[in-house]
Amino acid sequence: MGNQELHHPDPRLTAERDSFIDALVAAHRHQVLEIGCGTGEDGLAFVAAGINYVGLDPSEENIHLARARHLEAVVGTPAELPFAGGTFDAAWAMDALVEVSNTDMYGVMTEIMRVLRPGAPLAIGLRTGLQGQDTGGFDSPRSDEMVKSLFEPHGDIRSFTAWDLADGAGRYRFLVLAKP
């Protein structure tokens with residue numbers, strides 16, 4: 001896709017998003033749900049590629065700002081999605097699951113998979129604290145193996161990449177999971 005106007009602060013994440021969009025277009029997947037859409041920055045990239053987009057965010061202010069960008073967006077959380085089963089061809093969730101505890105992840109992932117069609121890819125991005133570093137927040141240390149184990153029960157992990165964040169701020173994990 002290569003949309004040069006829309007960039008994440010992390011160029012690696014921009015590249016992952018653009019690659020995901022290219023894969024959706026190539027597979028004729030035309031309906032994407034963004035979980036944790038914020039103000040809709042990524043939504044603009046999906047729409048620019050001709051993909052029907054729906055954003056979801058718990059913040060009414062973010063939803064208002066996303067709608068001001070002419071994006072379809074609704075207030076909600078990944079634990080209780082306001083959509084019928086099998087609605088979406090794909091989903092995009094960058095940092096939307098970082099506050100979900102390991103014990104709650106199974107239920108949240110079951111809910112997300114409910115709204116996806118069979119074979120639908122789900123891209124997940126998680127910022128986590130460094131292994132052994134106690135940040136005191138929800139971005140607690142999770143090893144790459146632990147992150148994979150949280151998602152493997154819900155589908156086939158098609159890709160998994162991880163990189164250290166600048167200034168020792170932790171690690172970022174990006175994976176694409178395909179619904180069975």
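Could you tell me which residue of the range 82-133 is modelled with the lowest pLDDT, considering only residues that are in contact with a Phe, Trp or Tyr (Cβ under 9 Å, 6 or more places away or on another chain) and hydroxyl-bearing (Ser, Thr, Tyr)?
THR128
Consider the range 144-177. How many of its residues are exposed (fewer than 13 other Cβ atoms within 10 Å of the Cβ) and modelled with pLDDT under 85?
The number of residues fulfilling the criteria is 3.
Considering the range 76-100 alone, what residues qualify as being under 17 Å from TYR53 (Cα atoms), in a loop (DSSP other than H, G, I, E, B) and touching a residue at least 60 places away in the same chain (Cβ under 8 Å)? Working first, answer last.
The initial filter retains those residues of the range 76-100 that are under 17 Å from TYR53 (Cα atoms), namely 76-78, 81-94, 96.
Okay, now just the ones that are also in a loop (DSSP other than H, G, I, E, B), so 76, 78, 81-87, 89, 96.
Hits for the range 76-100 are ASP89, ALA96.
Could you tell me how many of the residues in the range 145-180 are more than 13 Å from THR128 (Cβ to Cβ), without any contact (Cβ under 8 Å) to a residue 40 or more places away in the chain and in contact with a Phe, Trp or Tyr (Cβ under 7 Å, 6 or more places away or on another chain)?
Total satisfying the criteria: 1.
What's the number of the condition CYS37 fails, among (1) under 16 Å from ILE124 (Cβ atoms); (2) open to solvent by less than 20 Å² (accessible area, probe 1.4 Å); (3) not in a loop (DSSP other than H, G, I, E, B)?
With (1) under 16 Å from ILE124 (Cβ atoms); (2) open to solvent by less than 20 Å² (accessible area, probe 1.4 Å); (3) not in a loop (DSSP other than H, G, I, E, B) applied to CYS37, the lone miss is (3).
Given the residues GLY43, GLY55, which is the only one that is at pLDDT 95 or above, part of a strand (DSSP E or B) and either of a type in the set (Lys, Arg) or on the phi < 0 side of the Ramachandran plot (or both)?
Going through GLY43, GLY55 in turn, just one is at pLDDT 95 or above, part of a strand (DSSP E or B) and either of a type in the set (Lys, Arg) or on the phi < 0 side of the Ramachandran plot (or both): GLY55.
May I ask you to verify whether ALA73 is open to solvent by less than 10 Å² (accessible area, probe 1.4 Å), in a strand (DSSP E or B), modelled with pLDDT of 95 or more and closer than 23 Å to ARG142 by Cβ? Show your work before the answer.
Numbers: open to solvent by less than 10 Å² (accessible area, probe 1.4 Å): yes; in a strand (DSSP E or B): yes; modelled with pLDDT of 95 or more: yes; closer than 23 Å to ARG142 by Cβ: no.
So ALA73 fails the test.
Restricting to the range 101-128, name every residue that is open to solvent by less than 50 Å² (accessible area, probe 1.4 Å) and part of a loop (DSSP other than H, G, I, E, B).
Scanning the range 101-128 gives SER101, VAL115, GLY119, ALA120.
The values are calculated or read from the model by the stated rules, or taken from the named source; none is laboratory data. Since the model is a prediction, treat every value here as computed from it, not as a measurement. Quick reminder, even Gly has a Cβ in these numbers, built from the backbone with ideal geometry, and neighbours come from all protein chains shown. Side chains are part of the model used for accessible areas, which takes the heavy atoms of the whole protein and leaves out ligands, DNA and RNA. Shrake-Rupley method; radii C 1.70, N 1.55, O 1.52, S 1.80 Å.
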